[in-house]
1. How far is A:LEU78 from the same spot in each other copy, in nm, shortest first, if each label point sits 7 Å from Cα toward Cβ?
2. Cα gyration tensor of the stretch A:125-179, axes a ≥ b ≥ c as square roots of the eigenvalues: rounded (a/c below 1.5), prolate (a/b > b/c) or oblate?
3. Going by amide H atoms built from the backbone, whose H comes under 5 Å of the H on B:VAL241, apart from near neighbours?
4. Using the Karplus curve 6.51 cos²θ - 1.76 cosθ + 1.60 with θ = phi - 60°, work out ³J(HN,Hα) for each residue of the stretch B:165-175 in order, rounded to whole Hz, and write x for Gly and Pro.
5. Using a 10 Å cut-off on Cβ to Cβ distances, tally the other chain neighbours for every residue of B:112-119 and report the average as a whole number.
6. Taking the highest mean first, how do the peptides A:246-254, B:170-178, A:222-230 order by number of other beta carbon atoms within 10 angstrom per residue?
7. Based on the inverse mean of 1/r over its pairs of different Cα atoms, what is the Kirkwood hydrodynamic radius of the stretch B:29-84, in Å?
8. Give, rounded to the nearest 20 debye, the magnitude of the charge dipole that the stretch A:11-256 has about its Cα centre when Lys and Arg contribute +1 at Cβ and Asp and Glu contribute -1 at Cβ.
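The values are calculated or read from the model by the stated rules, or taken from the named source; none is laboratory data. Remember, it's a predicted structure, so these values are computed and weren't measured experimentally. For neighbour counting, all protein chains shown are included, and Cβ atoms are generated from backbone atoms with ideal geometry for every residue, glycine included. Keep in mind that these areas ignore ligands, DNA and RNA; they rest on the heavy atoms of the full protein, side chains included. Shrake-Rupley method; radii C 1.70, N 1.55, O 1.52, S 1.80 Å.
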2 protein chains.
Amino acid sequence: MTGPHSSAHERVRPDASDQTMTELLLLSNSTAPGKRFLEHALDEIREALSSCRLLFIGFASSDPDAYTEVMRQALAVLEVEVLGAHESADPRRAIQEAEAIFVGGGNAFRLLRALDRLDALGALGSTVRAGTPYLGASAGANLACPTIRTTNDMPIVEPPTLCGLGLVPFQINPHYLDPDPGSTHQGETRTRRIEEFLEENDVPVLGMREGSWLHVSGRRIVLGGENGWRLFRCREEHLEVPSGTHLSWLLQWPARFDVTPVGHDQ
Amino acid sequence: MTGPHSSAHERVRPDASDQTMTELLLLSNSTAPGKRFLEHALDEIREALSSCRLLFIGFASSDPDAYTEVMRQALAVLEVEVLGAHESADPRRAIQEAEAIFVGGGNAFRLLRALDRLDALGALGSTVRAGTPYLGASAGANLACPTIRTTNDMPIVEPPTLCGLGLVPFQINPHYLDPDPGSTHQGETRTRRIEEFLEENDVPVLGMREGSWLHVSGRRIVLGGENGWRLFRCREEHLEVPSGTHLSWLLQWPARFDVTPVGHDQ
């Protein structure tokens, strides 16, 4: 097995002992049609939070102030107090001391660059592995994966690497969209993009439709929400995964990045 | 003015003297609905080619062999002989000795990684600046820009940098799609993605609709094709650009990447 970078190798495949503490809620989207921000996921959020204090990481947005305010209003109904990581004089320490963490959506490249600039990626990963609940939507779900290589975002900035936190050993594609057979657009479909990822990496990809979520509690993984999932693996048929499915076996599935040998003249 | 990387700075902004030789034809797409591969652009390709021998760079695809064969068949009608760069024992030298170069579409991250592995990026840039015509479709159009930061592609692999050839000083977004007002999908529209790029970079972006092309001849830039363009700039209204427009002034427009200061904690 190879990691996307040798330096990030250990981060990519957490071993069983440090996985058992992890509590994750990963959402495809923060806003559902006709509903208020996060309204579609409030029950899940309530269940994932063990505390009434939440640290919000809004660095995927260009305006973390406004984004944090939106979060405050959305979670007021749960009586959750929201602190913005960017409001702290020491965001890295705020992460280490957080009772629960929510990483908001936006642009995954911008999120990764901001956390790298704050030297906070390692602290975030170890805090969550030690048991602090991690909630993430869209880019926040990408960040929980070994890499952000299955983001839909435009690479508007260049973080030093595309390695994420590796809180799960597989990849997630948020906002997954089924191919539109009537489209005349010549750009790649989402399915084709994920297949391109699988040409280069032997790592399962969960296509997370709007309104879907994934709940990891220790070594238990449950997929939920309204619209089901699509599971993509190398050399296997794509698989439809209905809501309520347990996918704990995915934690054992091998993940091999960059299967095209280095130096290969492609 | 700052480049996306100090080391790539000179590549990003070619000066007037080395720009004057450049001959570029950049296409949004290789295939148009109801037409054969490249059929919609054959007149432009014929005009851009000064030779009947063409080096094809198909590294954006996972199968350069098959891709080169498709190119051969597509250009047979122009009596153009196509050699695949991957078929050469020394692709870097083949680039330097080429009479004309066509960089095919696929995945821009894979293309950039392949050219980096072959140590061929610098040779490609200087060959084109010395007068060898460069034709590119989709990922091949992204590569001609200062960076590939306005690609639509998934970052399936991680090239060492996102810097492109800088043959033009602005960015192109191929397969540009106008927002669909009826969509309930919560992922970002293309327009929103380009606006996110402009939050971080003060660089013009040409949204290139399907069937559109851009022809650069020395310091002359003409936009052509069927469907027009959309021009995005920082702090300016988006501008509709009809086919036939001359945009040579864009070569003088300042390009400032990473306008968020390094170390800024958002």
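1. Nearest first, the other copies' label points are 5.7 nm away.
2. Numbers: a/c = 2.16, a/b = 1.40, b/c = 1.55.
Cα axes put the stretch A:125-179 in the oblate bin.
3. For B:VAL241, the qualifying residues are B:TRP229, B:ARG230, B:LEU231.
4. These are the phi-based 3J(HN,Hα) values: 8, x, 6, 10, x, 10, 9, 10, 10, x, 6 Hz.
5. Values: counts 0, 5, 4, 0, 0, 6, 3, 0.
Mean number of neighbouring Cβ atoms from other chains: 2.
6. Details: A:246-254: 13.6, B:170-178: 22.9, A:222-230: 19.0.
Output ranking for A:246-254, B:170-178, A:222-230: B:170-178, A:222-230, A:246-254.
7. Values: mean 1/r = 0.0856 Å⁻¹.
By the Kirkwood definition, the hydrodynamic radius is 11.7 Å.
8. Numbers: 24 positive and 33 negative charges, 76 e Å.
For this selection, approximately 360 debye.
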